[in-house]
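The values are calculated or read from the model by the stated rules, or taken from the named source; none is laboratory data. Just so you know, these numbers come straight off a predicted model, no measurement behind them. Here the Cβ is made from the backbone with ideal geometry for all residues, glycine too, and neighbour counts use every protein chain on show. Accessible surface areas use protein heavy atoms only, side chains included; no ligands, DNA or RNA. Shrake-Rupley method; radii C 1.70, N 1.55, O 1.52, S 1.80 Å.
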Amino acid sequence: MSIILATYVSYGQDTIRAKAHHSKYQFSFLVGGFYKSFFGNRYIKPTTFELGDSFEQHQYERSIQTPTGGFKFGALVDIRMAKHWYFTTGMLFCYRKDIFEYNSDTVKKYNNISYTRNIHNVLTYNYAYTNLEIPLMILLKLKRISLYVGANIPILSYKVANYSYIIRQSYYPISYGTSEKTVKNLEVPFKIYPTWLLSYSFTLPKHTLEPFIGMDFGARKSFFIQGGLIFTMNAKQCTKTI
Amino acid sequence: MLIPLINCGCKKNPFDYRTKYLGNYVFVVHSSSYNPTDGAIDTTYTLDGKIDYGSDKNTILITSNGITGGDYKIYEDGTVETEHCSGEFATSDKLLYSCYIHVSMMAKWSWDVVGEKK
C-alpha cells in the first residue's frame, strides 16, 4: 500500500496545491487512530468527602485508569480567513473508551458488598463512546506544513457502559463473586477535547494528502496521541465532480 | 409543525439516562410484616403504577394505584435506592427492589417488588 501511495505522490503537481490555497473553502476527509494515555500516575486519588457531596463527585476515586485505543473519521472544511490563516470545522465520528479498574480488596474495604448489583460495588467501569464531534480549530498553513489548534466538541454520544461488580455470595463462610451488566444510552455529553494536529502535505495529481500527528486532551490527566491522514480536495474540483 | 415536536422533546428527553425506564408498570409486591398483636403476615398483591422523572436530575418518581412512592435515586447503571429501599433495573423494562422498615422494637415490615413495564 505504501509503495502505491509513494508512486502516486511522485506525480505531485504544485498547481493543485496553489489552487487549493486560494480557495475560500477547502474540503477534506480525515481518518485516524489514537492511543489514550495519561500524564503521571493513572491512579485516581481519593479526595475529602464533604457533607452534601454527590456520589458522582467521588465515583472513580481509588480506581486505576487503563490506556485504550480508538479511532476517528469525518469531513473537515477549511475557511480561509487571511493569507496563511484558516478556520477549520466539520463533523467527526470518534470512538473513545474510558476504563476505570479497582482492586477487588479496595472495593471490599471501602464499599458495602450487597447481594444485588449495586453501583457502589463496581469493580470495573468500561465505557465505550461513539461520538459525533464538531472540531473548531484555527489552522496555520506554512508551505507544506499545517498546524491545527482548537478543540473537538462532542454533540451526541452513544454510550455503552459495561459494569463488573463484586457481590457477596454467602455470609458464612464469607465468599465473594462477580457479576456484570451492560447499559446503553444516547447522551448529550458536556465535554470538550482540546486538540492540536500537525500535518505535512504531499501534492498528488488531483488531491492533497496530509499525514498528521496530534493530540487530544481529555479529563483526568488523559491525552490521546493520534495519527492518520487528511485527504484534501480543491473546492473547484469538488464542484466539477458533482 | 415544530412546536408539538419541541413540546414532546421536553416531556421525554431521549438523551437522559432515566428515559428508557419510564412508563406504565405492573408491580407485584410481596409484603412481610410482624407485630406482637397480629404476628407474622405474608401477602402478595398486584398494583398498577407508573415511573416518571423525579424532582432531581438523578431521581425517578414511582407511583402505584395513584399514590406516590416518592423519589428514588437512580444511578447510571440502573441501581435505585431510597432511605429504606434498594434494588435495580435488571433491564430497561424490569425493576426489582426490596424495602425494609423497622417500625418499632417489636414490629418490622419488609416488601419485595418486581415491576414490569406494560
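Couple of notes before you dig in:
Rundown of residues vs (1) in a loop (DSSP other than H, G, I, E, B); (2) out of contact with any His (no Cβ under 8 Å at 6 or more places or on another chain), yes/no style:
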| position | (1), (2) |
| --- | --- |
| B:Phe15 | yes, yes |
| B:Asp42 | no, no |
| B:Asp52 | no, yes |
| B:Glu76 | yes, yes |
| B:Glu88 | no, yes |
| B:Ser104 | yes, yes |
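- Restricting region A:174-206 to residues that are within 30 Å of B:Asn13 (Cα to Cα) and away from every other protein chain (no Cβ under 14 Å), the residue that is nearest to the chain's Cα centre (by Cα): A:Tyr193
- The condition of being farther than 18 Å from A:Gly33 by Cβ, open to solvent by less than 30 Å² (accessible area, probe 1.4 Å) and at pLDDT 90 or above holds for only one of A:Asn185, A:Asn234, A:Asn162, that being A:Asn185.
- Qualifying residue in region A:118-127 (condition: farther than 30 Å from A:Leu229 by Cα and assigned to a loop (DSSP other than H, G, I, E, B)): yes
- Considering A:Ile155, A:Ile119, A:Ile167, the condition of being over 30 Å from A:Tyr102 (Cβ atoms) and within 12 Å of another protein chain (Cβ to nearest Cβ) is satisfied by A:Ile155 alone.
- As a summary of the residue check, A:Leu132 satisfies the conditions (1) away from chain B (no Cβ under 14 Å); (2) open to solvent by 20 Å² or more (accessible area, probe 1.4 Å); (3) closer than 27 Å to A:Phe27 by Cα except for the one numbered (1).
- All positions within region B:96-106 that are open to solvent by 50 Å² or more (accessible area, probe 1.4 Å) and more than 14 Å from every other protein chain (Cβ to nearest Cβ): B:His102, B:Val103, B:Ser104, B:Met105, B:Met106
- Taken over region B:43-95, the criterion of being of a type in the set (A, V, I, L, M, F, W, C) and either open to solvent by 60 Å² or more (accessible area, probe 1.4 Å) or more than 14 Å from chain A (Cβ to nearest Cβ) (or both) is satisfied by B:Leu47, B:Ile51, B:Ile60, B:Leu61, B:Ile62, B:Ile67.
- Verdict on B:Thr68 being modelled with pLDDT of 90 or more and either in contact with a helix residue (DSSP H, G or I) (Cβ under 9 Å, 6 or more places away or on another chain) or hydroxyl-bearing (Ser, Thr, Tyr) (or both): no
- Candidates A:Met91, A:Met81, A:Met137 - the one that is under 21 Å from A:Phe190 (Cα atoms) and either touching a Phe, Trp or Tyr at 6+ places or on another chain (Cβ under 8 Å) or not hydrophobic (A, V, I, L, M, F, W, C) (or both): A:Met137
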